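First up is the structure itself, then whatever we jot down about it.
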Amino acid sequence: MQQASNNTIITPKQSGFHFPAEWHPHVATWLSWPHKEASWPGKLDLVFPAYSEFIKVLAQDELVRINVKDSMMASFAKKHLAAANVNLSNVEFFEFETNDAWCRDHGPAFLINPNSNQKAIVDWGYNAWGNKYPPFDLDDVIPAKIGEHFGLQVYHPGIVMEGGSVDFNGNGTVLTTTACLLNKNRNPELKQQQIETYLQNYYGVEQVLWLGDGIVGDDTDGHIDDITRFVNEDTVVTVVEENKSDENYALLMENLQTLKTMRLLNGKQLNIVELPMPDPVIYDGQRLPASYANFYIANAAVIVPTYRSKNDDRALSILQECFPKHKVVGIDSTDIIWGLGSFHCLSQQEPKI
């Protein structure tokens, strides 16, 4: 960590770093191979085909870097990837052991500095969404391990923050939710303005836009990547529930109305594209956080979770219009969502400088 002569910390923002938008060209996508039975009780083996299909699409146009416990786990993974005809020459394994698979939240937040041609990492604190699923000690140190391996500067803000709780337009704005970032199980000592300051200083942004609640069934306390996502600098897609009797209807309508009041740094309103919600996905009596907003923007494709729902094709069509230069690919996430997350939750991009 850099320090000025008076012992005040020099932040990434002061050093010219920022977190780019997800559509910024990638060097790689980082993943942590799924292995925790408790995350997919009774279904872990069913996750691997769709997960391997996800990697197959990624590996067509960028590196895929996968955290594994050891060579045995890497061999197990390679068997599944080979069965899915993945381009293994674009897959790299790193023996960085994890507690779980949710790399969006425990993985490195990569920053770039276009002026100095440098890359850095923010290593936020990680407590498994408010200490819900201990242990999480291995997950918490993944960014530092990756930074050390690649010789990158690693910033340690000292507060809890998850990658799925923030979304960026690449032009100074970050979108998040009060339900997650102001939850007392994250940083109870910090007020909203203090959290904003951390976001600005460590992600290199100017503006924080706040939505309210996340969708029903989301155990992260309302991650933004299940409800509203930037698709370009001034456009978001946001999920809406069309069934007025559904428990998501009111909260998503409130988020939509809040989005309409927002202004970007240039004073312009957001362009808002409405994305339907899938039919409710219920397994073992539990409503799961199924959402088309949990897509991942890769170099050449946008990978979208589908749920064997009548709205799957409509959602894919809407997103294809939002990403005319990408191929929108739907992959069945019905088994993966039993883990309470999908493709965006599982991945973290490493941008090119």
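Restricting attention to segment 283-338 and to residues that are in a helix (DSSP H, G or I) and among the polar types (S, T, N, Q), the residue that is farthest from the chain's Cα centre (by Cα) turns out to be S317. A single member of L199, L175 is crowded, with 17+ Cβ neighbours inside 10 Å, under 19 Å from the mean Cα position of the chain (by Cα) and in a helix (DSSP H, G or I), and it is L199. Checked against (1) out of contact with any strand residue (DSSP E or B) (no Cβ under 7 Å at 6 or more places or on another chain); (2) acidic (D, E); (3) closer than 30 Å to G222 by Cβ, E62 meets all criteria but (1).
So, I336, is that one within 20 Å of A101 (Cβ to Cβ) and not aromatic (F, W, Y) or not? So I336 passes the test. Within segment 233-240, not a single residue is charged (D, E, K, R) and either assigned to a strand (DSSP E or B) or loosely packed, with under 14 Cβ neighbours inside 10 Å (or both).
Can P278 be described as in contact with a Pro (Cβ under 9 Å, 6 or more places away or on another chain), free of Cβ contacts under 8 Å to residues at least 40 places away in the same chain, not in a loop (DSSP other than H, G, I, E, B) and not polar (S, T, N, Q)? In short, no.
N85 passes every criterion in (1) part of a helix (DSSP H, G or I); (2) in contact with a helix residue (DSSP H, G or I) (Cβ under 7 Å, 6 or more places away or on another chain); (3) surrounded by fewer than 16 Cβ atoms within 10 Å (Cβ to Cβ) apart from (1). Restrict the check to segment 54-71 and report whether at least one residue is free of Cβ contacts under 8 Å to residues at least 40 places away in the same chain and on the phi > 0 side of the Ramachandran plot. No, that holds for no residue. Residues in segment 65-100 that are of a type in the set (A, V, I, L, M) and in contact with a strand residue (DSSP E or B) (Cβ under 7 Å, 6 or more places away or on another chain): I66, V68, A74, A77, L81, V91. Is there a residue being among the aromatic types (F, W, Y), at positive phi and buried (at least 22 other Cβ atoms within 10 Å of the Cβ) anywhere in segment 107-127? No, because not a single residue in segment 107-127 is among the aromatic types (F, W, Y), at positive phi and buried (at least 22 other Cβ atoms within 10 Å of the Cβ).
Close Cβ contacts (under 9 Å, 6 or more residues apart or on different chains) running from residues in segment 142-168 that are assigned to a loop (DSSP other than H, G, I, E, B) to residues that are basic (K, R) comprise L152/K119; I159/R186; M161/R186; E162/R104; E162/R186.
For beta carbons closer than 6 Å, sequence separation of 6+ or different chains, a first residue in segment 326-337 that is farther than 18 Å from W23 by Cα and a second that is basic (K, R) and at pLDDT 95 or above, the qualifying pairs are T334/R308; D335/K43.
Residues checked against (1) closer than 26 Å to D70 by Cα; (2) more than 19 Å from the chain's Cα centre (by Cα); (3) not aromatic (F, W, Y):
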position	(1), (2), (3)
F93	yes, yes, no
R104	yes, no, yes
N115	no, yes, yes
D123	yes, no, yes
G130	no, no, yes
P135	yes, yes, yes
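Residues that are of a type in the set (G, A, S), in contact with a Cys (Cβ under 9 Å, 6 or more places away or on another chain) and crowded, with 16+ Cβ neighbours inside 10 Å occur at least once in segment 321-344.
So that you can scan it fast, the table gives a plain yes or no per residue for (1) under 16 Å from I297 (Cβ atoms); (2) hydroxyl-bearing (S, T, Y); (3) surrounded by fewer than 20 Cβ atoms within 10 Å (Cβ to Cβ); (4) within 16 Å of the chain's Cα centre (by Cα):
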site: V27; (1), (2), (3), (4): yes, no, yes, no
site: W33; (1), (2), (3), (4): no, no, no, yes
site: A38; (1), (2), (3), (4): no, no, yes, no
site: G42; (1), (2), (3), (4): no, no, yes, no
site: D45; (1), (2), (3), (4): no, no, yes, no
site: Y51; (1), (2), (3), (4): no, yes, no, yes
site: F54; (1), (2), (3), (4): yes, no, no, yes
site: D61; (1), (2), (3), (4): yes, no, yes, no
site: V64; (1), (2), (3), (4): yes, no, no, yes
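The conditions of being buried (at least 23 other Cβ atoms within 10 Å of the Cβ) and part of a loop (DSSP other than H, G, I, E, B) are met by D218. In segment 302-317, the condition of being under 14 Å from F54 (Cβ atoms), in contact (Cβ under 8 Å) with a residue 60 or more places away in the chain and in contact with an Asp or Glu (Cβ under 7 Å, 6 or more places away or on another chain) is met by no residue.
The number of residues in segment 112-131 that are of a type outside the set (S, T, N, Q), out of contact with any His (no Cβ under 6 Å at 6 or more places or on another chain) and closer than 19 Å to G151 by Cα comes to 7. Evaluation of V91 against the conditions (1) over 21 Å from P305 (Cα atoms); (2) touching an Asp or Glu at 6+ places or on another chain (Cβ under 9 Å) shows that the sole unmet condition is (2).
The values are calculated or read from the model by the stated rules, or taken from the named source; none is laboratory data. This is a predicted model, so every value here is computed, not measured. No Cβ is skipped: glycine too gets one built from the backbone with ideal geometry, and neighbour counts run over all protein chains shown.
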